Amino acid sequence: MKRGLGTITTLCAFLLVMGCGPHVQSVLDPRSDEASAIADLWWAMAIVGSVVFLAVMGFLFGAVFGKSGSRPPGGAMRFVWAGGIVLPAIVLVGILFYALHVTLRTAPPQHILTIEVVGHQWWWEVRYPDAGIVTANEIHMPAGGHVQFKLSAHDVVHSFWVPNLHGKKDMLPGVFTTISMRAREPGVWRGQCGEFCGNQHALMAFDLVAHAPDDFDAWVAARQAAAAATELTQRSYGKELFFQHGCQNCHAIQGTAARSNIGPDLTHLANRRTLGAAATPNERNTLAQWIVDPRSAKPGTNMPATHLPAEELEALIDYLLSLDQRP
Ligand code: CUA
């Protein structure tokens with residue numbers, strides 16, 4: 001009895017905690033028509049599943065504690081047919097058709113933009129082919145229209161998931177998959193890799209920022225201007241250190257000789273909200289931590305530690321934070 005009470009208390013506490021805080025990553029706080037359809041399906045399945053569960057528990061208690069020799073109403077064989085075959089067939093076929101209906105309801109009509117996202121261990125490459133923008137670990141899109149996401153993976157299978165806006169979509173090496181999302185209004189939500197992809201899977205996240213259409217156009221123009229300005233950046237000590245310490249072996253910065261995509265593109269680094277696929281906020285001290293001891297910020301990351309004297313570290317950070325600064 002005590003143990004049962006403990007289990008119920010734990011469950012209630014869990015449900016309460018689930019309800020806490022801003023719902024920036026929740027299937028049950030839908031912010032698009034697609035996510036609403038999925039949330040409705042979730043509730044329908046949860047309710048049907050709960051009713052079936054309670055009925056089965058009722059029969060189980062009846063079997064354990066009921067009078068011995070008692071029979072179900074209508075006879076044993078009839079009960080097996082009705083409860084074991086007919087009822088599950090009706091319930092499962094009903095849910096199947098409902099799920100198919102949801103799938104059709106979530107098929108998009110037309111796209112206003114295509115964004116390419118490539119999953120890497122353990123970060124997200126984000127490309128805007130029409131605008132020529134490449135960034136990472138942060139997706140900006142306009143609200144109000146359907147945006148097509150063209151997905152693939154660089155190494156192993158990942159899964160693209162923004163619970164507030166849509167269901168999951170697998171990202172596969174060598175194959176493109178697509179998903180369309182439409183945010184009803186501007187907002188910021190958290191996306192998360194939904195397929196186990198190695199020891200940093202749980203910390204493979206990103207922020208999705210949906211802008212009002214005019215604000216999104218301004219965002220695109222600002223990124224394009226910043227990338228163009230990078231090419232004109234004067235030579236600086238920090239930039240020399242970037243190449244001296246081999247950062248270009250993994251990273252790209254548009255307008256420079258750094259072109260690798262083993263790690264995230266840094267052209268717009270200072271403009272991003274987070275570092276390490278949403279592992280830490282993007283600030284001067286966390287950036288220093290990323291360079292000197294990245295594994296303390298994100299255990300298991302592929303980013304190697306770079307040991308350098310304090311004045312070199314400061315100069316390198318000055319350079320990195322000059323790349324597309326936040327206004
Ligand atoms: Cu990428 Cu899990």
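So in the stretch 163-179, with the set limited to residues that are assigned to a loop (DSSP other than H, G, I, E, B) and within 14 Å of the ligand (Cβ to nearest atom), which one is farthest from V24 (Cα to Cα)? Walk me through how you get there before you give the answer.
Kept after step one, since they are assigned to a loop (DSSP other than H, G, I, E, B), are these residues of the stretch 163-179: 163-168, 172, 174-176.
Checking which are within 14 Å of the ligand (Cβ to nearest atom) leaves us with 168, 172.
Numbers: K168: 16, L172: 26 Å.
Filtering first and then ranking leaves L172.
Within the stretch 68-81, is even one residue open to solvent by less than 60 Å² (accessible area, probe 1.4 Å) and at pLDDT 90 or above?
Just the residues of the stretch 68-81 that are open to solvent by less than 60 Å² (accessible area, probe 1.4 Å), to begin with: 72, 74-76.
Within this subset, residues satisfying the condition of being at pLDDT 90 or above are none.
No - not one qualifying residue is present in the stretch 68-81.
Filter the stretch 41-58 down to the residues that are exposed (fewer than 15 other Cβ atoms within 10 Å of the Cβ) and touching a residue at least 24 places away in the same chain (Cβ under 8 Å), then identify the one that is nearest to the chain's Cα centre (by Cα).
So the residue we want is M45.
Considering only residues that are among the hydrophobic types (A, V, I, L, M, F, W, C), surrounded by 15 or more Cβ atoms within 10 Å (Cβ to Cβ), within 16 Å of the ligand (Cβ to nearest atom) and under 22 Å from H23 (Cα atoms), which ones fall in the stretch 180-207?
Hits for the stretch 180-207 are C193, L203, M204, A205, F206.
I need the full set of residues from the stretch 277-287 which are touching a residue at least 24 places away in the same chain (Cβ under 8 Å) and open to solvent by less than 20 Å² (accessible area, probe 1.4 Å), in order please.
Result: A277, L287.
Is there a residue in the stretch 216-236 that is part of a strand (DSSP E or B), away from the ligand (no atom under 16 Å from the Cβ) and open to solvent by 50 Å² or more (accessible area, probe 1.4 Å)? Let's see the steps before the verdict.
The initial filter retains those residues of the stretch 216-236 that are part of a strand (DSSP E or B), namely none.
No.
Residue check: is H140 surrounded by 20 or more Cβ atoms within 10 Å (Cβ to Cβ), assigned to a loop (DSSP other than H, G, I, E, B), away from the ligand (no atom under 15 Å from the Cβ) and not hydrophobic (A, V, I, L, M, F, W, C)? Show your work before the answer.
On the way: surrounded by 20 or more Cβ atoms within 10 Å (Cβ to Cβ): yes; assigned to a loop (DSSP other than H, G, I, E, B): no; away from the ligand (no atom under 15 Å from the Cβ): yes; not hydrophobic (A, V, I, L, M, F, W, C): yes.
Here the answer is no, as H140 does not meet what is asked.
Considering (1) away from the ligand (no atom under 16 Å from the Cβ); (2) in contact (Cβ under 8 Å) with a residue 24 or more places away in the chain; (3) not in a loop (DSSP other than H, G, I, E, B), say which one R127 fails and leave the rest.
Of (1) away from the ligand (no atom under 16 Å from the Cβ); (2) in contact (Cβ under 8 Å) with a residue 24 or more places away in the chain; (3) not in a loop (DSSP other than H, G, I, E, B), only one is false for R127: (2).
Under 6 Å between Cβ atoms, which residue pairs at least 6 apart in sequence (or on different chains) link something in the stretch 202-224 that is within 23 Å of I253 (Cβ to Cβ) with a partner that is open to solvent by 20 Å² or more (accessible area, probe 1.4 Å) and basic (K, R)?
Listed by first residue and then by second, the contacts come to D207/R273.
The values are calculated or read from the model by the stated rules, or taken from the named source; none is laboratory data. This one's a predicted model, so the numbers in the text were calculated from it and none came from an experiment. Every residue, glycine among them, receives a Cβ derived from its backbone with ideal geometry; neighbour counts consider all protein chains shown. Heavy atoms of the whole protein, side chains included, go into the accessibility calculation; ligands, DNA and RNA do not. Shrake-Rupley method; radii C 1.70, N 1.55, O 1.52, S 1.80 Å.
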